[in-house]
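The structure under discussion appears below in the form of structure tokens.
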Amino acid sequence: MTEKQKNLIVRTITGVLFVAVLVTCFLKPIAMVLLFALITGLTIWEFTGLVNNQESVQTNRFICTAAGVYLFLAVAGFCTGFTPSGAFTPAVLFIPYLVTIIYLLVSELFLMQKNPVNDWAYTMLSQMYIALPFSTINILAFQDTPDGAVYNYLLPLSVFIFLWVNDTGAYCTGSLFGRHKLFPRVSPGKSWEGCIGGAVFVVIAAVVISCLSGTSSAVSTAVWIGLGLVVVVFGTLGDLVESLFKRTLGVKDSGNILPGHGGMLDRFDSSLLAIPASVVYFYTLSI
């Protein structure tokens with residue numbers, strides 16, 4: 001067996017296990033919250049490790065990671081209507097996070113770093129680029145109703161289904177028909193033909209989800225298709241953003257925690273823009 005075949009087997013096994021764990025976690029709200037809190041923490045830890053390898057950058061990995069995980073859990077608590085004992089509003093959940101952000105800003109006054117602006121920038125980027133986008137998955141998962149928050153696994157799960165279908169469709173179509181490069185400066189492998197092919201496959205997947213959900217879902221087929229196209233556009237942009245990030249830092253993979261797939265950023269790069277874009281899409285429809 002050649003090295004390439006071994007890598008393919010490892011990549012396939014990792015991919016199957018990854019999909020199985022992710023799909024299973026969406027079936028129970030507590031499992032979804034805990035798993036994505038863990039994913040948020042691992043991704044921020046990986047991100048801060050990468051930037052700390054750069055000259056004149058030294059972020060506080062532990063506090064950045066803890067703050068990001070807390071933000072995710074705070075948004076989950078807010079979306080579910082959880083109110084701490086003695087508090088009048090769920091918004092009080094965000095106070096510790098705000099205190100942590102203030103600390104991360106003020107602490108640079110005493111650390112005597114060569115370039116504190118770099119530290120501030122990468123520290124805030126860990127929150128804006130990773131923690132906040134992951135946190136918005138709670139907005140998709142928990143819908144506010146007169147009877148309280150209701151968990152709906154289908155919306156957040158569908159975002160990942162569309163991302164997986166788009167990746168597979170774009171790869172197959174691009175390999176067969178790809179001629180015109182989409183963004184050669186950042187990602188030479190992507191083509192316009194692949195993007196169009198991926199979008200076609202996602203539209204088909206959206207119709208299938210609409211048919212399978214039937215009357216149990218208040219989302220129409222047109223809205224499902226619209227969501228699919230939003231995921232295609234912003235998932236592709238998210239992939240390109242992470243590629244630009246890695247090129248800027250001079251690394252091939254963000255990590256090696258997922259055998260055959262690289263790091264957490266490599267695996268979730270598309271979702272970091274697709275999830276918040278999906279939230280904006282649904283909120284725009286409700287206006």
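Listed here are the residues, each with its yes/no results for (1) open to solvent by 70 Å² or more (accessible area, probe 1.4 Å); (2) touching a strand residue (DSSP E or B) at 6+ places or on another chain (Cβ under 9 Å); (3) under 27 Å from Gly235 (Cα atoms).
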position: Val51; (1), (2), (3): no, no, yes
position: Asn60; (1), (2), (3): no, no, no
position: Ser85; (1), (2), (3): yes, no, no
position: Thr100; (1), (2), (3): no, no, no
position: Tyr103; (1), (2), (3): yes, no, no
position: Phe110; (1), (2), (3): yes, no, no
position: Asn118; (1), (2), (3): no, no, no
position: Asp147; (1), (2), (3): yes, no, no
Members of the stretch 169-209 found to be among the β-branched types (Val, Ile, Thr) and under 18 Å from Leu237 (Cβ atoms), listed by number: Val186, Ile196, Val202
Residues that are farther than 23 Å from Ala141 by Cβ: find the helices (runs of 4 or more DSSP H) completely inside the stretch 176-287 holding 3 or more of those. 192-213, 221-249
Can you find a residue that is open to solvent by less than 60 Å² (accessible area, probe 1.4 Å), without any contact (Cβ under 8 Å) to a residue 12 or more places away in the chain, more than 20 Å from Ala274 (Cα to Cα) and not β-branched (Val, Ile, Thr) anywhere in the stretch 201-219? yes
At pLDDT below 95, outside any loop (DSSP other than H, G, I, E, B) and more than 24 Å from the chain's Cα centre (by Cα), is that true of Val99? no
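Residue check: is Val165 modelled with pLDDT under 95, not in a helix (DSSP H, G or I) and not hydroxyl-bearing (Ser, Thr, Tyr)?
No.
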Got a number for residues in the stretch 220-241 being surrounded by fewer than 22 Cβ atoms within 10 Å (Cβ to Cβ) and within 20 Å of Phe47 (Cα to Cα)? 3
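State whether the residues of the stretch 122-140 include one that is outside any helix (DSSP H, G or I), closer than 24 Å to Thr40 by Cα, open to solvent by less than 50 Å² (accessible area, probe 1.4 Å) and among the small types (Gly, Ala, Ser). It would help to see each step written out before you state the result.
The initial filter retains those residues of the stretch 122-140 that are outside any helix (DSSP H, G or I), namely 136.
Now narrow it down to the ones that are closer than 24 Å to Thr40 by Cα: 136.
With open to solvent by less than 50 Å² (accessible area, probe 1.4 Å) added as a condition, the list becomes 136.
With among the small types (Gly, Ala, Ser) added as a condition, the list becomes none.
Looking for residues that are outside any helix (DSSP H, G or I), closer than 24 Å to Thr40 by Cα, open to solvent by less than 50 Å² (accessible area, probe 1.4 Å) and among the small types (Gly, Ala, Ser), one finds none in the stretch 122-140, hence no.
For Val92, indicate whether it is β-branched (Val, Ile, Thr), in contact with a Ser or Thr (Cβ under 9 Å, 6 or more places away or on another chain), closer than 30 Å to Thr145 by Cα and free of Cβ contacts under 8 Å to residues at least 24 places away in the same chain.
For Val92, the condition - β-branched (Val, Ile, Thr), in contact with a Ser or Thr (Cβ under 9 Å, 6 or more places away or on another chain), closer than 30 Å to Thr145 by Cα and free of Cβ contacts under 8 Å to residues at least 24 places away in the same chain - is met.
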In the stretch 32-65, how many are in a helix (DSSP H, G or I), aliphatic (A, V, I, L, M) and closer than 25 Å to Val251 by Cα? 7
Residue selected from the stretch 168-182 under the condition under 22 Å from the mean Cα position of the chain (by Cα) and surrounded by fewer than 18 Cβ atoms within 10 Å (Cβ to Cβ), by the criterion modelled with the lowest pLDDT: Tyr171
Identify, from the list Ile257, Ile275, the residue that is at pLDDT 95 or above and either closer than 24 Å to Trp45 by Cβ or buried (at least 16 other Cβ atoms within 10 Å of the Cβ) (or both). Ile275
In this structure, does Ser85 turn out to be of a type in the set (Gly, Ala, Ser), part of a loop (DSSP other than H, G, I, E, B) and more than 25 Å from Lys252 (Cα to Cα)? yes
Working carefully through the options Leu22, Leu73, Leu35, find the one that is within 17 Å of Leu265 (Cα to Cα), at pLDDT 95 or above and crowded, with 16+ Cβ neighbours inside 10 Å. Leu35
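The values are calculated or read from the model by the stated rules, or taken from the named source; none is laboratory data. Just so we're clear, the structure is a prediction, and the values are computed from it rather than from any experiment. A quick note on method: Cβ atoms are made from the backbone with ideal geometry, for glycine too, and the neighbour counts reach across all protein chains shown. Protein only, heavy atoms only, side chains kept; ligands, DNA and RNA dropped before computing areas. Shrake-Rupley method; radii C 1.70, N 1.55, O 1.52, S 1.80 Å.
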